[in-house]
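One structure is given here, and the rest of the page talks about it.
Taken together, the values in this text are just the output of simple stated rules run on the coordinates, not laboratory data. This one's a predicted model, so the numbers in the text were calculated from it and none came from an experiment. Heads up, the Cβs are rebuilt from the backbone with ideal geometry, glycines too, and the neighbour counts pull from every protein chain shown.
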Amino acid sequence: MPAPDHAKALNVLKAALREAPGFKATKLTAKQQSDIKAIILGTHLTFRYVLITALLAKVTEPRIHMRSLQTGADLDGAYDARSLCHKVWVPFEHSSLDCKLGGSNEPYLNKPARFPSIAKTNAVRGGNDKALLDRLYDLLEGLNDLSAQDHREAFLYAMSLIQSRDGATVGDVDLAPVALTVTRTRHFLSLFLASSFGGETAVATVGAVMAVRFGKGYQVEVHPANQAGTSSNEIGDIDVYEGKRLILPMEVKDKNYNRTDVDHAVGKAKRACGRMLFVTGQHAVAGGDVRPDTLVASYADAGFDLAFISVDQLIQTDLPLMSEAQRRTFVQLMQANLGTMRAKDETKSHFTDCLANAGLVED
């Protein structure tokens, strides 16, 4: 079974940085150039990653089949495209291409890439998405048996187009062209937060709420769930900075907790800030020794500003204040947070499944 060598693929990408700018295709047909341009410069994030991964794989290992997504594909030359993309392309794009293809951390977790191969029968939304799928299929099938020179030209042409793109905004997920109303967003969040995954769903959600709320001029740092304070630069599960100054650490609890947990979180926050927000998730249950009003008053007397709020209260308050564009950014930030906080694969899959179940991406 052929498998592209990752070290060789990385060298191919490094060489392309020098060769691709201003590259002009001479061997590709006008139709092939048009198809590559439509996908690379188009709005369908997942198809962009599928195309560049297929081209990179073919240049690196000519025996692979360009329509393959998984080793189990019924194709001669089936290979694991996800591994090549996530382990080689994604780090390279982040470090050397300013995330110009879209800045996705794990694009092959998106629904359109979770099939054995690119096939016209794959389930996608109708309209433009179906047309792009058909176009991608025809392009890859037509390129697959051409010469190595043709494959290299198609790869460099695609790379030149990627380099012409603007740097990425946040955006890991292809949202459906539907109105992202408050009600629709709440429905998605109810599905997502119904499972805790060790507190990861709550942290990803709260971090996204805060990023939208604070906006430009602030940095909202989201840390791995239940590991706050393991680094000298981490105070809460989420830390908000204005420049280099920490202005709000947040502890997020989505499990049983007691007074000791609150005191421990406050102790960490006191090292760098005079306040803390203690956020409780849907699965959090306070012990009998936790009396929020009493704790708030006690710490206030000592000069420390402690506040309690639930994830549901944050959602109830902030979602109606967001514009539809901000709600789209909010959903994209949630997925970006899952990557930043090194969330489990199960949590990431849960996220994409909930988006599909809420009608925010294709079924």
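Annotations for the structure displayed:
- Once Cα Rg over 2.2 N^0.38 Å is calculated for the structure shown, the corresponding label among (1) 1.00; (2) 1.90; (3) 1.12 turns out to be (3).
- The order of K24, K244, going from fewest to most other C-beta atoms within 10 Å of their C-beta, is K244, K24.
- This ranking places L355, L360 by how few other beta-carbon atoms lie within 10 Å of each, fewest first, which gives L360, L355.
- Looking at segment 182-357, the DSSP beta bridges with both ends there are about 45 percent antiparallel.
- The chain - charge dipole about Cα centre, Lys and Arg +1 at Cβ, Asp and Glu -1, debye rounded to 20: 720
- Calculated [222 nm] ellipticity per residue, helices only, for the chain: -15000 deg cm²/dmol; basis is -39500 (n - 2.57) per DSSP H run with n ≥ 4, divided by all residues, nearest 500.
- Three-way shape call for segment 6-164 based on the alpha-carbon gyration tensor, with the a/c threshold at 1.5: rounded
- One Cα centroid belongs to segment 236-306, the other to segment 309-363; the line between them spans 23 Å.
- DSSP beta bridges confined to the chain are antiparallel in about 45 percent of cases.
- The calculated FRET efficiency for the pair Y241 and D76, based on their C-beta separation and a Förster distance of 56 Å, comes to about 0.60.
- Charge dipole (the chain, unit charges on Cβ, about Cα centre) - positive-most of L295, F308, S160: S160
- Rounded to 10°, Cα long-axis angle of helix 345-357 versus longest principal axis of the chain: 80
- Rounded to the nearest 20 debye, dipole of segment 182-357 from Cβ charges on Lys, Arg, Asp, Glu: 360
- Cβ charges +1 (Lys, Arg) and -1 (Asp, Glu), total dipole of segment 19-172, debye: 240
- Relative to the longest principal axis of the Cα atoms of the chain, the long axis of helix 45-60 makes an angle of roughly 50 degrees.
- If R0 is 30 Å, the Cβ-Cβ spacing of A38 and K344 corresponds to a FRET efficiency of close to 0.25.
- Sorting 294-307, 25-38, 271-284 by average packing, meaning the other beta carbons within 10 Å per residue, from highest down gives 271-284, 25-38, 294-307.
- Nearest 10 degrees, 0 to 90: helix 292-301 Cα axis against the chain principal axis: 70
- Projecting the Cα atoms of N110, G281, N357 onto the dipole axis of the chain, where Lys and Arg carry +1 and Asp and Glu carry -1 at the beta carbon, places N110 farthest toward the positive end.
- Computed from the C-beta positions of N256 and T29, the FRET efficiency with R₀ = 56 Å rounds to 0.35.
- Cα shape, segment 55-136, gyration tensor, a/c 1.5 rule: oblate
- Global form of segment 182-357, assessed from the alpha-carbon gyration tensor, a/c cut-off 1.5: prolate
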